[in-house]
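Just below is one structure, and these are the notes that go with it.
Please treat every number below as a calculation from the coordinates, not as lab data. If you're wondering where the values come from, they're calculated on a predicted model, not measured in any experiment. Cβ atoms come from the backbone with ideal geometry, glycine included; neighbour counts cover every protein chain shown.
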Amino acid sequence: MLRLIHGEIYRLLHKKSLYIYFGALALGYLALAFIRSGGFEPASIIDDALSLFILMPALLGGFLFAAIYTDDLNSKNLISLVGSSTSKVTIVLAKFILMALFSAVTFALAPLFHMGVYALLGQVATADMAAMLFAVSSKYLLAALAYAALSGIVVYGLQRTTFAIVTYLLLAFGVASGLISIALNMFAPTLTEHLITGITDRVLMALVSGASLGLPMIEYALYLVIAVAASLLVLSRKEMEF
């Protein structure tokens, strides 16, 4: 597994489109902050983050998901890995670990970049503001990882890039959870807090208030375990299309 992870890290770090994409996002973010800077107030650092960080699972996590999970489908590398007798457990776990690793770095840098841009434009974050920004970013990091794990089922089950990316984006933009929430509100409204959005909201509240993270993190871990197990199951049963 370590060899596969190391090889994938090398591939991703030498992927030019990764730097171009994140560079373009950084420039766009800087331009948006500059346009907004005329109306900045002390609370703008947090208020703007709450409005913008909600897009991170789609804009940041979405690119990482495509690069880590679906590039293999386009290049037929998934077929090569299975054909080379690489364990399917290794493939599924390695991809999720890579998603977690790159997402953790990216989502940790996002609040730092946000604070740096706003400091450059005259609004310096306090320690409490920084803690809040990292708490919000952690919420969306957990969401992005859960969406990737769930979308991985589509990757391994259908092995179609378009279906996999669309599934991830429907989750990341809240379309899927919105539809499920509407249905649950009609029949079992108490279950909505057990969706990924509800769980990550409770994680955020716990981080901000200092309450226990135990129960929401157990629920979150169950999502990941079930999603990864389902990915392994469908990959094990899927006939590879050589």
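Observations on the structure shown:
- Peptides 25-34, 111-120, 209-218 ordered by average Cβ neighbours within 10 Å, highest first: 111-120, 25-34, 209-218
- Here the relative contact order of the chain, from alpha carbon pairs under 8 Å that lie six or more residues apart, stands at 25 percent.
- Volume in Å³ per residue [convex hull over Cα atoms, computed for segment 1-107]: 100
- In order through segment 66-72: 3J(HN,Hα) via Karplus (6.51 cos²θ - 1.76 cosθ + 1.60), integer Hz, x for Gly, Pro: 5, 5, 8, 9, 8, 4, 5
- Cα-based helix-to-principal-axis angle, 214-237 vs the chain, degrees rounded to 10: 30
- All-pairs alpha carbon distance profile, segment 123-242, 10 Å steps from 0, percent: 13, 35, 32, 15, 4, 1
- J(HN,Hα) series, segment 96-102, from Karplus relation 6.51 cos²θ - 1.76 cosθ + 1.60, nearest Hz, glycine and proline x: 5, 4, 4, 4, 5, 5, 5
- Along the chain, counting only GluC sites (Glu not before Pro) with a DSSP assignment other than H, G, I, E or B and at most 16 other Cβ atoms inside a 10 Å radius, the longest segment between sites is 1-238.
- Per residue, the convex hull around the alpha carbon atoms of segment 121-179 comes to 111 Å³.
- Size of the chain from its Cα atoms: along the principal axes, largest to smallest, the extents are 58, 48, 28 Å.
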